[in-house]
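The values are calculated or read from the model by the stated rules, or taken from the named source; none is laboratory data. Because the structure is predicted, anything quoted here is derived from the model rather than measured. Cβ placement follows ideal geometry from the backbone for every residue including glycine, while neighbour counts extend to all protein chains displayed.
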Amino acid sequence: MKNHPAYAGVRVSFLLNDLARLGAHYPPALDALRVRRDADRTRFADDRSVALEFGSLNHALGEDQVTLAAFDQLPADNVQREVLGHQVFDLLLAAKRYPEAAAASPFAEYTAHFDMVRASKIPDDAKRRFLADLAGKELEALAGAGKLDNARELLKGLFEYDHSEATVSVVQEHVKRAGHPELLLQQPPPAVTPVAPPSGAVGL
């Protein structure tokens with residue numbers, strides 16, 4: 001796999017998930033993943049790709065807490081904190097460790113991800129649900145970390161894309177958890193495009 005860099009993403013996602021599912025029926029597969037994970041544990045602090053593999057192996061094994069423990073042991077200025085932090089973003093969010101969560105998911109990176117998914121060919125209903133969840137989590141991290149300008153910008157972009165009740169409900173829960181429910185009240189209503197009358201219609 002190392003000779004095929006185009007498959008780097010697959011190697012730390014689909015492949016590991018498939019091996020973990022295999023491990024449900026063939027435990028030696030899980031043992032092999034843990035051996036690889038433990039080897040990475042001793043050398044990820046100086047190598048971004050190893051840090052990514054370490055976190056991905058833990059996620060496939062259902063052991064994200066191991067990644068979080070390693071994240072907490074890294075010095076604040078260690079560049080691998082962002083790699084591991086991204087992998088335990090949900091755990092940081094659940095613990096309301098908002099500054100660390102916001103640092104692990106920079107706003108510019110979120111925006112690029114949002115735009116990429118929005119332009120994808122994912123079915124519209126699934127796309128809206130995914131983007132509402134993605135935006136809600138990022139919004140909570142930003143608001144909780146005091147990055148309110150970014151939070152407002154996020155909401156503006158999200159609601160321009162989708163202002164449905166379902167999406168509003170998702171983000172409402174997140175801003176409430178972050179202690180900033182006023183963010184929703186500060187958003188202007190979505191613009192309504194006037195509908196032209198049918199051709200040849202006569203006004204009353």
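Summed over segment 89-104, the residues that are touching a residue at least 60 places away in the same chain (Cβ under 8 Å) and in a helix (DSSP H, G or I) give a count of 1.
Within segment 58-66, is there a residue that is within 16 Å of the chain's Cα centre (by Cα) and in a helix (DSSP H, G or I)?
Taking every residue of segment 58-66 in turn, at least one turns out to be within 16 Å of the chain's Cα centre (by Cα) and in a helix (DSSP H, G or I).
Just checking, how many residues over segment 1-53 are among the charged types (D, E, K, R), at pLDDT 90 or above and more than 25 Å from Arg81 (Cβ to Cβ)? Selection size over segment 1-53: 1.
Is one or more of the residues making up segment 83-92 under 15 Å from Ala151 (Cβ atoms), at pLDDT 95 or above, surrounded by 13 or more Cβ atoms within 10 Å (Cβ to Cβ) and outside the structural domain of Leu134 (by TED's automatic domain parsing)?
no
Just give me the residues in segment 68-88 being outside any helix (DSSP H, G or I) and free of Cβ contacts under 8 Å to residues at least 24 places away in the same chain, in sequence order. Correct list: Pro75, Ala76, Asp77.
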